[in-house]
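In what follows, a structure is listed as structure tokens, so that the remarks can point back to it.
Bear in mind that the values in this text are calculations on the coordinates, not laboratory data. Since the structure is predicted, the reported quantities are computational estimates derived from the model, not experimental observations. Using ideal geometry, Cβ is built from the backbone for each residue, glycine included, and neighbour counts are taken over all protein chains shown.
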Amino acid sequence: MRVVVPFATVDPKTRLSGPLDPEERREFSRAMLGDVLESVREAGGEPEVLATAPLDVDTPATVDDRPLTEAVNAALEPETAVVMADLPLLTAETIEGLFETPGDVVLAPGRGGGTNALLSREPEFRVDYHGGSFLKHRASASEIGSVGVVDSHRLATDIDEPADLVEVLIHGEGRAVQWLREAGFSLVRTESRLAVDRAPDGR
Ligand SMILES: Nc1nc2c(ncn2[C@@H]2O[C@H](COP(=O)(O)OP(=O)(O)OP(=O)(O)O)[C@@H](O)[C@H]2O)c(=O)[nH]1
Ligand SMILES: C[C@H](OP(=O)(O)O)C(=O)O
């Protein structure tokens with residue numbers, strides 16, 4: 001299964017600017033990308049990075065600096081999956097679950113209404129990201145054929161905001177959680193939930 005992995009090479013994860021400086025956001029984004037690519041390969045997928053600018057990665061990559069929706073639609077064809085690069089909790093089993101979910105179009109919702117991953121088996125389907133894309137995709141896909149929805153904690157956990165880092169420290173198993181720990185991040189208990197702390201020297 002061909003798997004397109006969109007990746008913002010330049011100035012990624014700006015919503016993480018609080019806890020991470022620009023270089024750290026680049027490093028952390030690359031760690032998450034590495035986790036996604038490994039899980040896709042272990043599931044038998046054939047990943048292709050769809051990057052906004054050239055990057056050094058051991059995976060076939062295409063550079064397309066058009067906005068996300070345009071770039072993905074240009075790359076989309078039947079029997080293609082699209083898996084976002086900011087899903088560090090993915091495992092091979094999670095990806096296999098996406099591949100095995102029936103439906104002409106299969107959608108994996110993210111928190112806040114995004115579409116963290118999808119699989120199109122129909123030539124007409126087109127993406128329309130941002131602004132609650134999961135509802136838009138479900139509506140457009142239902143006009144084409146059957147729609148499958150993947151109910152998966154690991155596929156639904158995209159790392160956008162500082163609070164999301166807790167999920168990586170709790171459930172992560174790869175490069176991203178290793179990067180956070182080496183950068184001095186750790187879990188702390190609060191009254192009700194776990195939170196993230198960082199050692200003063202940042203390491
Ligand atoms: N190819 C491509 N990938 C993109 C683009 N914008 C975001 N992405 C990737 O799509 C996924 C989800 O996007 P976002 O969560 O908005 O990532 P981001 O733009 O780095 O994050 P913010 O700057 O905080 O909005 C991530 O894997 C990004 O790397 C784009 O314009 N083109
Ligand atoms: C790519 C976009 O991500 P979000 O803006 O929801 O984080 C989406 O899933 O539509």
State the answer as a single residue: which of Val49, Ser39, Thr157 lies farthest towards the positive end of the charge dipole of region 2-159, with beta carbon charges of +1 for Lys and Arg and -1 for Asp and Glu, about the Cα centre.
Thr157
Remind me, relative contact order of region 2-159 in percent, using alpha carbon pairs under 8 angstrom and six or more residues apart?
24 percent
Highest GNM mean-square fluctuation among Arg193, Arg41, Arg138, for the chain with Cα springs under 10 Å, belongs to Arg193
Between the modelled labels at His153 and Thr190 (7 Å from Cα along Cα→Cβ) the distance in nm is 1.9 nm
Can you tell me the alpha carbon radius of gyration of region 2-159 divided by the globular rule-of-thumb value 2.2 N^0.38 Å?
0.97
Rounded to the nearest 20 debye, dipole of the chain from Cβ charges on Lys, Arg, Asp, Glu:
460 debye
Run the simple label-point estimate for Asp197 and Gln178 please: 7 Å along Cα→C-beta, distance reported in nm.
2.6 nm
Considering only Ser133, Phe185, Val147, whose Cα is most displaced toward the positive end of the charge dipole of the chain, charges sitting on Cβ of Lys, Arg (+1) and Asp, Glu (-1)?
Phe185
Test of understanding: what is the full-extension gain from Ser142 to Arg2, defined as 0.36 nm times their sequence separation minus their Cα-Cα distance?
48.1 nm
Over what distance in Å are the Cα centres of region 62-120 and region 147-196 separated?
20 Å
If you stretched the chain out fully between Asp65 and Ala163, how much longer would it get, using 0.36 nm times the residue separation minus the C-alpha to C-alpha distance?
32.4 nm
